[in-house]
Amino acid sequence: MKTDLTLAICMYNAEKYIEETLLCIMAQTKQDFYLMIINDCSTDSSADVVNRFFVDHPRQYEMVNLPENRGLAFGRRYVEEHADTKYLLFVDADDCPLPLFVEKLYDKISSDSQLMAVGCYLEYMNLDGKKTKGGIFIGETSKNGFYQKALKEKLIFMASTSIYNREVALSVGGHNIYGFPEGKPRYQDLCEDLDLWTRMSDLYVDGKAIIVVPEVLYKYRKGDGISTGAYGMLLRMRHIKTNLKRRRSGDKELSFIDFQNSLSEKEIASLKKEATAVNSFRNAYYYLKKGNFLLFIKNIFISIYNNPKYMMDKIKHNLLRIK
């Protein structure tokens, strides 16, 4: 199949949702793409569901069965190294791209050689597939906006479900899977796309840009539960920011292991306080939805106590806009 786009799905134990995702793939207005599915050693019947689906809905697809579970970053790096198309586009195995998702992102990135990656807005749905409040509405909508952000050494936040130039991504290291501790938690799977977009942003000096189409083209399935994982995310974000500054000043990047070992006890304690603030703020919203006002108020106070600026920054920057 001759095409310059690979659409890839990294799948692990997705038997409950993968058929719905594949139906959304088949409903895309642009079908001229190579479909690659990375089965990350699923222990359920995900692979069987996929194979049965394409018996009833024939089209080209390739399923790669990894011999052991390696995680999301490894799966995406595998696609980057083994696909032979100019562009890559990832869809999560439990999400629902809207029909124009592929067409609009492809048309945008292929219309301008300066564009390295193009994303879009996402709306949330719950585990049952019903629309819920909120979404992901981040990213610069113009090249000039991106250039200003890159110049100021800002992290480049954009949804992972974005189309991007494969060779450009590999030229800056692709999805990074090296220099992390063995076992879990897999820190390489945290903010893995933030890391890639931010390293690609170094190429702003060559006129390259990353933007988003300011339109909801994708439904993101979001669980509803207690938040506990902010510390790992904040640690990884600090690692990405540290390496951004090191690269721009001509210094060698730090592996995650070296970065983690370089942190003082005071810095670790500060990060943990910030993580408590983030988790508590998110949990406050969860309890508000459940109608538990006592725990809502308690978590708001915990968040403010640990980081008074967090809630105001959240409102100011409006990273997760509520609709």
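Coordinate-derived values only; no laboratory data. These numbers were taken from a predicted model, which means no experiment stands behind them. Reconstructed Cβ throughout: ideal geometry from the backbone, glycine too, with neighbour counts over all protein chains shown.
Quick notes
- If you take the alpha carbon atoms of region 214-261 and fit the smallest convex hull around them, that volume is 132 Å³ per residue.
- Residue-count net charge about residue 164 - beta-carbon cut-off 14 Å; Lys, Arg +1, Asp, Glu -1: 0
- Three-way shape label, region 99-248, alpha-carbon gyration tensor, a/c 1.5: oblate
- Between the listed residues 228, 25, 285, the Cα displaced farthest toward the positive end of the dipole of the chain, a dipole computed from Cβ unit charges relative to the Cα centre, is found at 285.
- Alpha carbon Rg of region 216-296, scaled by the compact-globule rule 2.2 N^0.38 Å: 1.45
- For residue 16, the lysines whose Cα comes closer than 24 Å to its Cα, not counting residues fewer than 8 places off in the same chain, are 130, 131, 133, 219, 222.
- For region 159-309, a/c is not less than 1.5, where a ≥ b ≥ c are the root eigenvalues of the C-alpha gyration tensor, and a/b does not top b/c. That puts it in the oblate class.
- Peptides ranked, highest mean first, by Cβ atoms within 10 Å: ranges 292-303, 94-105, 169-180: 94-105, 169-180, 292-303
- Value of D in µm² per second that Stokes-Einstein yields for region 88-147, Kirkwood Rh from Cα pairs, at 20 °C (1.002 mPa s): 160
- Ellipsoid fit via the Cα gyration tensor, region 112-157: semi-axes of 29, 12, 8 Å, each the root of five times an eigenvalue, largest first.
- The GNM of the chain, with springs linking C-alpha atoms under 10 angstrom apart, assigns the highest mean-square fluctuation among 106, 310, 34 to 310.
- Dipole magnitude for region 222-323: about 440 debye, using +1 per Lys or Arg Cβ and -1 per Asp or Glu Cβ, origin at the Cα centre.
- Summing +1 for each Lys or Arg and -1 for each Asp or Glu among the other residues whose beta-carbon sits under 13 angstrom from that of residue 271 gives +3.
- If you wrap the chain in the convex hull of its Cα atoms and look at it from every side, the mean projected area works out to 17.0 nm².
- Charge tally around residue 32: other residues with Cβ under 10 Å, Lys/Arg +1 each, Asp/Glu -1 each, net 0.
- The chain: antiparallel DSSP beta bridges as a percent of all, rounded to 5: 30
- Pairs of Cα atoms in region 11-115 fall into 5 Å distance bins, from 0 up to the last occupied one, in shares of 2, 11, 22, 24, 22, 12, 5, 2, 0 percent.
- Interatomic Cα distance distribution for region 256-297, bins of 10 angstrom, percent: 28, 31, 21, 17, 3
- Choice from 35, 72, 288 with maximal GNM fluctuation in the chain (Cα, 10 Å cutoff): 288
- For region 147-234: rounded, prolate or oblate by the Cα gyration tensor [a/c cutoff 1.5]: oblate
- Less than 5 angstrom separates the built amide H of residue 221 from those of 96, 125, all sequence-distant by 5 or more or on a different chain.
- Only the Cβ atoms of Lys and Arg (+1) and of Asp and Glu (-1) were treated as charged; on that basis the dipole of the chain about its Cα centre amounts to roughly 1640 debye.
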